[in-house]
There are 2 protein chains.
Amino acid sequence: MDVNALADGVADGDRRSLARAITLVESARADHREQALALLSSLRGLDRQALRLGLSGTPGVGKSTFIEAFGCRLTEAGKRVAVLAIDPSSARTGGSILGDKTRMERLSRDPRAFIRPSPSQSQMGGVARRTREVVALCEAAGFDLVLIETVGVGQSETMVAQMCDIFLLLLAPAGGDELQGVKRGIMEVADLILVNKADGDLKPAAMRTAADYALALRLLRHRPQDPPGFPKVLPVSAETGDGLAGAWDEIASLAAWRRENGHWQARRADQARGWFEEEVRQGLLARLSREPMRGVLERLGQEVAGGQRAPEAAAAELLAMVGR
Amino acid sequence: MDVNALADGVADGDRRSLARAITLVESARADHREQALALLSSLRGLDRQALRLGLSGTPGVGKSTFIEAFGCRLTEAGKRVAVLAIDPSSARTGGSILGDKTRMERLSRDPRAFIRPSPSQSQMGGVARRTREVVALCEAAGFDLVLIETVGVGQSETMVAQMCDIFLLLLAPAGGDELQGVKRGIMEVADLILVNKADGDLKPAAMRTAADYALALRLLRHRPQDPPGFPKVLPVSAETGDGLAGAWDEIASLAAWRRENGHWQARRADQARGWFEEEVRQGLLARLSREPMRGVLERLGQEVAGGQRAPEAAAAELLAMVGR
């Protein structure tokens, strides 16, 4: 594979090149991995940045409808939008490849949009790495906005928070009791909470829910990366489009404020360092699944299971083999 | 420190030796770690097994009252009972050292019982290792039963499930809607579900809740390690003692069945292998916090944060240094 040609294609914003580049970084083959590293290093020189927007929400809250409506609005305004999905359940279900695209019919046909379903991969660590790298590819391909979507399951939200600039939480109208169902952890990473379905019969409930969450947010401590008034809660309707323009204005003004005040750059620097450290950890652990360590691990593991050896002692023996 | 003398003391069931041995395995000092490994290896030769009982339940369900009543009943029957706690929040709160003991006043004064509060430790991995090793020490000290308690937070339950023979879930009487609040994951590891507070006004609710859970359990697939009728649900009252004898009978018969059918040994073998592999993983990662890797990680991390270097490329460089 000609990595330079592929890099040129991605840099030109060519969709087929981007799709091929994504397939390359998602490959588990060792030679592909080397090419992927070369590609990423070469593209990093472009120093293009998109707005990386994280989006989380439990199933049924209307995420696909929201992305469709929100994304089309942005592409109509001339922006190029990439949509990526992290689906922690995809390891079991085989991914939501068809689901994602059919639920975003207009956006998926939009030449300014690029929708990539979640890679199916058994390890969360692997999903994080691939998604991070796909984000970098989309940035290099000149997208203005990269939206990283996940369902509201703890670990995947933390992962998305670690790779986005701004985090949106999409919620459904709910009774006051149900507020507790939203985990504190996600409230702490959310920059903007959108209460969807603020239309028709549900509108009063959505308004009330928005007010309830606004109150709940005040209980969280102020974060230095927030201008006054943030994190913020807004009622929206993905169905009618009400509130979507306002939501985008809030996102844009938050992004501008963070850029002006150095928080944007600081967050990206922290994230890059965190990714580096995570890559190192995963790389170290990967040695366990390669020879010669794999064989030793297997043999000692059998002796431990058979009771001939203590787990701690066997581990110490193996670790001594790999040196300090 | 004379490790042989300490091992003899533990093997004799001497409480002060056990306490000192626990302090040793909980120490982070390198020389202590070596002594701890020697101690554990030497004691493993005794090949003593206690019944390791995991116990989980959300705060407010009456865990301490249950342990006090259940534990005293067992010590009165001549059994020696050790109670350990895994508290995932203890890293922040500084542990529940006083809380645990004062809430189990009778049991903590009982010469046949030994209560050890949760170690405070920032890493879950570290908590797991220490608790596993403390369990091994208690077994070597001749306890008949080691009860490992945790509050109902996902990760710590998985951890306890990986170190116990039988897992109890303690629940409070609840309305039907609230059944969903119990995570499927914990239902899948529970062997016996006890609905507490089946006394006074709450008795009808507890009976109803028990019936509801019994129904819910039937939706889970049958596990090969279960005799017919398991997992089982029982209403109990830690307050009045009602149902505690029955709960113990169920535990004892389940334990006997699993021993007779080889599941007990198979589970212990799997657990031992899992601990070995986890020790190896933790040991590999620990190298990152020691020189020379710590310094390189720090220097490369700064370059990545400063944008001079791509995260993936920096990670590849560091990993190349440690060889294959």
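Brief remarks on what is shown
- Exam field: A:Pro204 pseudo-label spacings to other copies (7 Å along Cα-Cβ), nanometres: 3.3
- Whole-percent pair-distance distribution, where bins are 10 Å wide, for the alpha carbons of the range A:1-45: 31, 61, 8
- For residues of B:280-293, the mean tally of beta carbons on other chains within 10 Å: 4
- Averaged over residues, the count of other Cβ atoms within 10 Å places the peptides A:139-151, B:50-62 in the sequence A:139-151, B:50-62, highest first.
- Cβ-vector label at 7 Å, A:Ala38, separations to other copies in nm: 5.4
- The share of accessible area on the range A:1-45 that comes from carbon and sulfur is 48 percent, using a 1.4 angstrom probe.
- Neighbours of B:Glu239, meaning other residues whose beta-carbon lies under 10 angstrom from its beta-carbon, give a summed charge of -1 when Lys and Arg score +1 and Asp and Glu score -1.
- Surface accessible to a 1.4 Å probe, per residue, for the residues of chain B, Å²: 45 Å²
- Straight Cα distances below 16 angstrom link A:Lys203 to the aspartates and glutamates A:Asp212, A:Glu239, A:Asp242, with same-chain residues fewer than 8 positions distant left out.
- Across A:Val81, A:Val233, A:Val304, mean-square fluctuation computed from a Gaussian network of chain A (C-alpha pairs under 10 Å connected) peaks at A:Val304.
- Distance histogram for chain B (every C-alpha pair counted, 10 angstrom bins, percent rounded to whole numbers): 5, 24, 30, 22, 12, 6, 1
- Label point 7 Å beyond Cα along the C-beta direction, distances from A:Arg268 to other copies (nm, shortest first): 5.7
- Per residue, the convex hull spanned by the Cα atoms of the range A:252-292 amounts to 53 cubic angstrom.
- Solvent-free Debye scattering, log10 I(q)/I(0), computed from the Cα coordinates of the range B:272-324 at q = 0.17 Å⁻¹: -0.61
- Short-range pairs are left out: with C-alpha atoms under 8 Å and at least six residues apart, the relative contact order of chain B is 17 percent.
- Summarising the rotation from chain A to chain B, the nearest chain A beta-carbon to the axis and its distance in Å are given as A:Leu284, 2.
- Mean partner shielding of peptide A:37-44, defined as the number of other chain Cβ atoms within 10 Å of each residue Cβ, is 3.
- Two-decimal Rg to Rh for the range B:185-288 - Kirkwood Rh, Cα set: 1.12
- Heavy-atom accessible area buried between chains A and B is around 3600 Å² (1.4 Å probe, both sides summed).
- Rg/Rh for the protein assembly as shown (Cα atoms only, Rh after Kirkwood) is 1.00.
- Residue order for B:Arg267, A:Arg290 - accessible surface, 1.4 angstrom probe, largest first: A:Arg290, B:Arg267
- Highest average packing first - A:214-224, B:127-137, Cβ atoms within 10 Å: B:127-137, A:214-224
- Inter-chain shielding of B:261-272 (mean C-beta neighbours from other protein chains, 10 Å cut-off): 2
The values are calculated or read from the model by the stated rules, or taken from the named source; none is laboratory data. Remember, it's a predicted structure, so these values are computed and weren't measured experimentally. Cβ sites come from the backbone with ideal geometry, for glycine too, and all protein chains shown count toward neighbours. Accessible surface is based on the protein model in full, side chains and every heavy atom, while ligands, DNA and RNA are left aside. Shrake-Rupley method; radii C 1.70, N 1.55, O 1.52, S 1.80 Å.
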